[in-house]
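Trainee: Here it is, the structure in full.
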Amino acid sequence: TFAVRYFADSLAAFPRAAHSPRARISLQALVPTGGPAAPRSALAGNMLRDLRGDTAATKLPLPLPALYQQQRDTFYQEYRAEVAAISAPTDTADTGSYRASLSYEQQSASYVLFQEGDLLSVAYFTYDFTGGAHGNYGTAGASYDLRTGGRLRYDDIFLPNAAARLPALLAAAVRPLVGLGPGEPLDKTLLVKTMPVTPNVYLTAGGVGFIYQPYEIASYAQGEVRVFLPLGQVRGLLRQGLPLPGAVGLAAQ
């Protein structure tokens, strides 16, 4: 079980202007509350690292309020620097063209993708707008072994030989998602000719999800692309000992 924590704040670009554009920041996080103390503590630390965007478990996790304060302070510092380079509007009743370009936003949110038995998978979503035509967003998937609270990264899930076999499986699975028929070239609608094997993966009882953020393999307009490979297709590529509900017959390491 989890508790949901939410933090939010905003900062006016021109405090004396009646309709000043603002920088808005929010962070929504899941905090483990159930299960034995030791794995729960390890899980909480690993989830805090993933919320921060760490790629390894080498840094100590920050407590959630401190993490939010760090992100807010950095966000506001960068925003103030941008505003300082712009002259304040003379008409304080309306900021006109400033409103869109200086309406910065930073969002972080977490939600459960899958939970059953000893397996938990979580999505970490981020959205940032710092001016320009549109904001940028992306989702990072993360899986955890609830027996230990440990993080399951790509190399913890897949055997070394998986990298050679996954591109063909991913290509076959992505084609119908982007309107391609069997055997049609991927670059007819995507930005790639062959499917890269992203480490941005999450594990479920039914298979493995691969998340490609905007611009990784497709245009921004096509959005984030999620490719799911059923367990039957990847069973021989998975390491032994994974916390899959009812898992049997996985490949030996």
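The values are calculated or read from the model by the stated rules, or taken from the named source; none is laboratory data. On a predicted model such as this, the values are computed, not experimentally measured, just so you know. Note that each Cβ is placed from the backbone with ideal geometry, even for glycine, and that neighbours are counted across all protein chains shown.
Trainee: Identify all residues within the stretch 168-211 that are touching a Ser or Thr at 6+ places or on another chain (Cβ under 8 Å) and over 28 Å from residue 116 (Cα atoms); write none if there are none.
Mentor: 171, 178, 179, 180, 186, 191 - these are the residues of the stretch 168-211 that are touching a Ser or Thr at 6+ places or on another chain (Cβ under 8 Å) and over 28 Å from residue 116 (Cα atoms).
Trainee: Shifting gears a bit: Check the stretch 44-61 and report whether any residue there is within 19 Å of residue 113 (Cα to Cα), assigned to a helix (DSSP H, G or I) and of a type in the set (Asp, Glu).
Mentor: So far as the stretch 44-61 goes, yes, one or more of its residues are within 19 Å of residue 113 (Cα to Cα), assigned to a helix (DSSP H, G or I) and of a type in the set (Asp, Glu).
Trainee: While we're here: Hey, does the stretch 130-138 have a residue that's closer than 23 Å to residue 55 by Cα, surrounded by 15 or more Cβ atoms within 10 Å (Cβ to Cβ) and in contact (Cβ under 8 Å) with a residue 60 or more places away in the chain?
Mentor: Looking through the stretch 130-138, at least one residue is closer than 23 Å to residue 55 by Cα, surrounded by 15 or more Cβ atoms within 10 Å (Cβ to Cβ) and in contact (Cβ under 8 Å) with a residue 60 or more places away in the chain.
Trainee: When both residues are 6+ apart or on different chains and their Cβ atoms are under 8 Å apart, which pairs have a first residue that lies in the stretch 224-235 and is part of a loop (DSSP other than H, G, I, E, B), and a second that is not aromatic (Phe, Trp, Tyr)?
Mentor: So the pair list comes out as 224/138; 224/139; 224/211; 224/213; 224/214.
Trainee: Going through 17, 44, 29, 93 one at a time, which residue ends up being at pLDDT below 95 and either surrounded by 12 or more Cβ atoms within 10 Å (Cβ to Cβ) or closer than 21 Å to residue 124 by Cβ (or both)?
Mentor: Checking each option against the conditions leaves just 17.
Trainee: Kindly provide the set of residues from the stretch 236-250 that are modelled with pLDDT under 95 and under 15 Å from residue 169 (Cβ atoms), ordered by number.
Mentor: Within the stretch 236-250, none qualify.
Trainee: Taking residue 87 as meeting all but one of (1) at pLDDT 95 or above; (2) farther than 27 Å from residue 150 by Cβ, write down the number of the exception.
Mentor: Condition not satisfied by residue 87: (1).
Trainee: Provide a single number: the residues in the stretch 50-61 that are crowded, with 17+ Cβ neighbours inside 10 Å and either touching a helix residue (DSSP H, G or I) at 6+ places or on another chain (Cβ under 8 Å) or on the phi > 0 side of the Ramachandran plot (or both).
Mentor: Selection size over the stretch 50-61: 2.
Trainee: Also, quick follow-up: Select from the stretch 113-138 the residues that are part of a strand (DSSP E or B) and farther than 18 Å from residue 207 by Cα and list them in ascending order.
Mentor: Result: 124, 125, 126, 127, 128, 129, 136, 137, 138.
Trainee: Tell me, yes or no, whether the stretch 143-153 has at least one residue that is at pLDDT 95 or above, surrounded by fewer than 20 Cβ atoms within 10 Å (Cβ to Cβ) and assigned to a strand (DSSP E or B).
Mentor: yes
Trainee: Next question. With respect to residue 106, determine if the residue is modelled with pLDDT of 95 or more, surrounded by 12 or more Cβ atoms within 10 Å (Cβ to Cβ) and assigned to a helix (DSSP H, G or I).
Mentor: Judged against the criteria, residue 106 is not a match.
Trainee: Would you pick out the residues in the stretch 127-155 that are among the hydrophobic types (A, V, I, L, M, F, W, C), touching a helix residue (DSSP H, G or I) at 6+ places or on another chain (Cβ under 8 Å) and over 21 Å from residue 71 (Cβ atoms)?
Mentor: 146
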